[in-house]
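**Q** Let me begin by handing over the structure; questions about it come next.
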2 protein chains.
Amino acid sequence: MRTLLCFGLLLFLAQSCLAQKPHPCRSPPLLSGSLSVSARDGQDWSFAKYRYDAFGQRIRLWEFGKHDNKSFHLNLLFLFRENVVYSINMRNKTCQKNPLQTAFHPLKIPRNASLLAQVVLGGSSGPGEGLLVNTWTGVVPETQGKYIATVTEFGCIPVSTIYYTEEMGWVVTSYFNAVTGIEDPNQLNPPSFCTHAQTEETTLNFFSGFF
Amino acid sequence: MRTLLCFGLLLFLAQSCLAQKPHPCRSPPLLSGSLSVSARDGQDWSFAKYRYDAFGQRIRLWEFGKHDNKSFHLNLLFLFRENVVYSINMRNKTCQKNPLQTAFHPLKIPRNASLLAQVVLGGSSGPGEGLLVNTWTGVVPETQGKYIATVTEFGCIPVSTIYYTEEMGWVVTSYFNAVTGIEDPNQLNPPSFCTHAQTEETTLNFFSGFF
């Protein structure tokens with residue numbers, strides 16, 4: 001009986017230890033927050049507020065930045081299920097509707113990703129001094145681009161991604177001020193003045209939203 | 001009497017609110033941790049464990065990385081008060097001693113730095129999901145290089161610095177796994193086999209420790 005108990009305890013301890021190893025994870029399906037993207041060694045950059053809805057496969061971005069030394073502002077709504085992207089001008093109440101080429105990719109660490117390291121950003125000597133994160137690496141099958149993605153150990157909240165392709169070089173994205181949920185779900189629907197927008201010919205992809 | 005009480009309460013509240021505005025800060029004088037540095041759009045990079053002693057103005061680095069497509073390992077002890085840097089080879093028990101040009105700069109946000117933003121890295125919806133940090137910017141008087149430095153709101157622990165000069169381009173440093181204090185103070189003294197090392201002619205600066 002005692003041997004059985006010991007065996008059970010050992011099994012439980014072993015399972016607990018295994019459970020503590022970082023595992024690929026999926027971010028919350030509803031997220032609101034901000035991000036910054038930079039490429040070409042800081043020459044191209046943008047800041048954006050985002051709303052992310054993995055249930056409805058929709059992303060909204062309010063964005064400003066610099067590309068080829070020219071500044072830009074964008075207000076975009078990606079509806080991946082309908083394969084369209086709306087470029088919205090709230091001031092003029094106008095709307096441009098383009099076909100969207102990119103498939104929806106939920107925010108997650110793919111199962112075949114390799115763990116690079118688990119680290120504490122900042123420090124661990126006092127409360128509020130650090131953030132336990134896991135950094136994963138892998139290859140995007142479609143593009144053969146390499147990625148390094150960092151997410152929080154608790155909650156799988158995105159912290160940063162580094163993405164490398166020969167075409168674009170290094171693209172660094174930092175995520176901040178995330179909250180789980182979407183305060184105003186209307187932000188993920190096209191505004192009323194977009195209803196009758198005709199679909200343009202030019203197909204856009206998700207990255208054309210950034211640079 | 002009641003008016004006085006109300007006035008006192010208002011003053012206290014106002015002071016509390018003011019106290020919550022981020023202020024330039026100084027990191028703990030004894031820190032142990034790790035850092036990564038990258039430059040030239042990721043072509044040059046290094047990882048290092050460090051020990052930092054602002055009291056004794058000493059820094060120890062154990063480092064490996066890549067510079068000009070060649071990998072390197074370094075084991076360095078900077079003694080800023082004595083203006084020397086030791087390059088230590090533990091395997092061969094040999095030591096090289098060079099004059100050190102750079103003055104000691106404590107880890108701190110200078111008083112004249114401008115606050116760029118206070119953000120939560122990751123998210124704030126759950127415990128362990130985010131880290132409240134302050135990002136500051138300014139110019140280094142000696143080099144006229146621009147910096148963007150991020151430290152934790154609680155504890156002033158370094159999280160990242162971005163440093164730009166025309167000569168070096170962007171140099172990005174990330175700090176992680178910091179603990180306050182130094183577990184083994186011997187690591188900040190030259191090993192015994194360094195005692196009789198003759199000082200070389202070539203003067204080094206702190207950055208030559210990285211690339």
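**Q** Could you tell me whether region A:60-79 includes any residue that is assigned to a loop (DSSP other than H, G, I, E, B) and surrounded by 14 or more Cβ atoms within 10 Å (Cβ to Cβ)?
**A** Taking region A:60-79 as the starting set, the residues that turn out to be assigned to a loop (DSSP other than H, G, I, E, B) are A:68-69.
Then drop every residue that is not surrounded by 14 or more Cβ atoms within 10 Å (Cβ to Cβ), which leaves none.
No, region A:60-79 has no match at all.
**Q** Can you find even one residue in region A:173-187 that is in contact with a strand residue (DSSP E or B) (Cβ under 7 Å, 6 or more places away or on another chain), on the phi > 0 side of the Ramachandran plot and not aliphatic (A, V, I, L, M)? Give the steps one after another, and end with the answer.
**A** Kept after step one, since they are in contact with a strand residue (DSSP E or B) (Cβ under 7 Å, 6 or more places away or on another chain), are these residues of region A:173-187: A:173-183, A:187.
Among the residues that remain, those that are also on the phi > 0 side of the Ramachandran plot are: A:177, A:181.
Now restrict to residues that are not aliphatic (A, V, I, L, M): A:177, A:181.
Looking for residues that are in contact with a strand residue (DSSP E or B) (Cβ under 7 Å, 6 or more places away or on another chain), on the phi > 0 side of the Ramachandran plot and not aliphatic (A, V, I, L, M), one finds at least one in region A:173-187, hence yes.
**Q** Now a separate question. Modelled with pLDDT of 95 or more and away from chain A (no Cβ under 14 Å), is that true of B:Val84?
**A** Numbers: modelled with pLDDT of 95 or more: yes; away from chain A (no Cβ under 14 Å): yes.
Answer is yes for this residue.
**Q** Looking only at region A:119-167, count every residue that is under 13 Å from B:Leu121 (Cβ atoms), among the hydroxyl-bearing types (Ser, Thr, Tyr) and within 7 Å of chain B (Cβ to nearest Cβ) and tell me the total.
**A** Looking only at that region, the number is 1.
The values are calculated or read from the model by the stated rules, or taken from the named source; none is laboratory data. Being a predicted model, the structure only gives us computed values, none of them experimental. We place every Cβ from the backbone using ideal geometry, glycine too, and count neighbours over all the protein chains shown.
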